Amino acid sequence: MSKPQKWMFVHDHRFVQTDDFVGSHAQFEAALWSRYLAFCDQLTVVGREGPRQDPDTLYVSSRAAVDFLLLPDHGRSVKRVLRAAETRKTIAAAVAEHDVIVARIPSVLGFQAIEEAKRQGKVCAIEAVGCPWDALWNYGSIPGRLYAVVQYRQMRLALADADHVIYVTERFLQNRYPTNAANVANASNVELVPAADAKEALDPAVLNTRLARIAQFAPDHSFRVGLIGTLIGRTKGIQHALQAIRALQCEFPKLTLHILGGGDSRPWNAEAADLGIKHMVSFDGTLSGGQPVLKWLDAADIYIQPSLQEGLPRALIEAMSRAAPAVGSDRAGIPELLHSQDIVAAAAPMELASQIRAIANDKLRMAEAAKRNFAKAHEYVARKLHARRSQFFEKVLSDSHRAHNV
């Protein structure tokens with residue numbers, strides 16, 4: 001009989017410990033852990049300790065068979081350097097207690113776990129989910145740009161020397177951070193649920209409803225633009241979305257920008273006020289995954305993803321699954337999803353405004369984008385992704401069993 005498997009997932013994500021549960025502002029809902037628990041008996045999630053927050057603003061991350069090891073988040077302060085040895089000691093001890101290490105990178109903890117797993121001879125699977133160069137070069141500070149060089153090199157070396165690598169993109173990350181791993185796969189972190197009576201398709205009624213909405217669309221009467229992204233930091237390009245809305249306010253006085261995501265909206269509201277568009281911007285907080293988010297997306301006439309860094313954005317794929325016309329930046333995997341005419345340069349609010357204007361003034365283009373995006377979204381139906389990911393982790397599990405039998 002096989003030894004019970006204990007796996008460890010490592011990433012720099014900030015989790016929040018409440019009185020009743022461990023929560024997260026984005027993406028790390030409790031359902032995520034099922035993809036690992038399908039191959040192990042117990043999972044330990046190693047991440048950063050986020051500041052206490054109102055529980056109502058958080059997604060629930062904790063669940064049965066999942067433990068959390070949350071380390072202090074010192075940001076980019078000197079304290080992080082001073083406590084580096086202590087953090088590495090904690091990571092080393094945790095690695096020693098687990099059979100498989102799943103390191104999601106780029107992340108400081110992830111890179112440390114990869115090094116320690118190699119030192120201890122543990123099986124390590126790497127999830128490549130983003131580009132540190134794009135993330136840190138666009139951080140805005142000189143230290144951030146210097147650190148971009150460091151993490152770029154760390155990412156290149158980690159993936160080149162890995163045994164198991166799964167990318168979230170089809171081409172972008174693979175080309176920038178190639179690997180020599182024997183077990184390589186690609187699978188988006190987004191899983192779209194097909195219609196109940198369909199095997200591989202999304203509900204066609206979604207597209208029909210969207211096309212009917214477009215036929216009735218009148219931007220001088222009602223015009224809603226949507227964006228999903230964390231309010232923490234500025235890498236989601238919210239600042240450029242606000243600037244684009246300011247550029248459009250005279251032409252489209254009924255235009256509103258709705259932003260869905262966790263974090264403190266007060267600084268962003270102040271920024272919108274400074275731009276004179278606070279009355280045109282709504283921060284809608286967080287919603288539980290699934291139907292509430294999909295209904296929110298259905299209410300958007302155009303979805304935008306003006307990110308400065310990404311992997312393969314979950315929110316954009318979900319918007320496309322609702323047949324929403326969309327505009328995205330030219331970063332990471334976004335051009336793999338959208339037609340070239342719907343791609344704008346990152347950090348280019350006037351270009352973003354121009355594309356929003358062009359789509360809003362052309363119902364034929366809106367309808368064609370809706371059809372194209374809906375068709376593309378079929379590539380991310382859960383069943384297809386489950387098959388790729390399961391094949392990948394089956395090989396990881398087999399490697400772990402072999403290691404125990406040596």
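Nothing in this text is a laboratory measurement; each read-out follows from the coordinates by a stated rule. None of the values given here were measured: they were computed from a predicted structure. Every residue, glycine among them, receives a Cβ derived from its backbone with ideal geometry; neighbour counts consider all protein chains shown.
Brief remarks on what is shown
- Packing-based exposure ordering (other Cβ within 10 Å, fewest first) of CYS250, CYS40: CYS250, CYS40
- Reachable lysines from LYS254, criterion Cα separation under 20 angstrom, eight or more residues apart if same chain: LYS278, LYS363
- In order along region 126-133, the phi-based Karplus estimate (6.51 cos²θ - 1.76 cosθ + 1.60, θ = phi - 60°) of 3J(HN,Hα) comes to 10, 9, 8, 10, x, 10, x, 4 Hz; Gly and Pro are listed as x.
- Of the peptides 182-188, 328-334, the order by per-residue mean of other Cβ atoms within 10 Å, starting with the highest, comes out as 328-334, 182-188.
- Less than 5 angstrom separates the built amide H of ASN186 from those of TYR167, all sequence-distant by 5 or more or on a different chain.
- The chain: most fluctuating residue of ARG314, ARG389, ARG119 per GNM, C-alpha cutoff 10 Å: ARG119
- Within straight-line cross-link reach of LYS384, lysines at Cα separation under 25 Å, skipping those fewer than 8 residues along the same chain: LYS199, LYS295, LYS371, LYS376, LYS395
- Fully extending the segment from ASN405 to ASN269 would add 43.1 nm, taking 0.36 nm per residue of separation and subtracting the current Cα-Cα distance.
- Cβ-derived FRET efficiency at R0 60 Å, GLU251 paired with ASP41, nearest 0.05: 0.55
- Since only ALA241, GLY226, PRO349 are under comparison, the one whose Cα sits farthest along the positive direction of the charge dipole of region 204-379, derived from C-beta charges on Lys, Arg, Asp and Glu, is GLY226.
- One chain, two ends: THR57 and GLU86. Fully extended at 0.36 nm per residue, the span grows by 7.3 nm beyond their Cα-Cα distance.
- With N the number of residues in region 168-291, Rg(Cα) / (2.2 N^0.38 Å) evaluates to 1.39.
- Once backbone amide H atoms are built at 1.01 Å from N, CYS124 has ILE101 as its partners under 5 Å, excluding neighbours fewer than 5 places away on the same chain.
- Highest mobility in the GNM of the chain, judged by mean-square fluctuation with C-alpha springs under 10 Å and restricted to PRO106, PRO204, PRO267, is found for PRO267.
- Where only C-alpha atoms are counted, convex hull volume of region 204-379 per residue in Å³: 100 Å³
- Amide H to amide H distances under 5 Å link LEU69 with VAL45, VAL46, GLY47, where only residues 5 or more positions off or on other chains count and H is placed in the peptide plane.
- Counted as membrane-span-like here are DSSP H helices of the chain whose alpha-carbon atoms extend 27 Å or more along the helix's own axis and whose Kyte-Doolittle mean is 0.0 or above; these are 142-160.
- FRET efficiency estimate (nearest 0.05) - Cβ-Cβ, ASN208 to VAL149, R0 30 angstrom: 0.05
- Dividing the summed helix terms, -39500 (n - 2.57) for each DSSP H run of n ≥ 4, by the number of residues in the chain produces a 222 nm estimate of -12500 deg cm²/dmol to the nearest 500.
- Under Stokes-Einstein, with the Kirkwood radius over Cα pairs as Rh, the value for the chain at 10 °C and 1.306 mPa s is 72 µm²/s.
- The stretch between GLU394 and GLU97 holds 104.8 nm of extra length on full extension. This uses 0.36 nm per residue minus the Cα-Cα distance.
- Cβ crowding within 10 Å ranks ARG52, ARG14, ARG388 as ARG52, ARG388, ARG14, fewest other Cβ atoms first.
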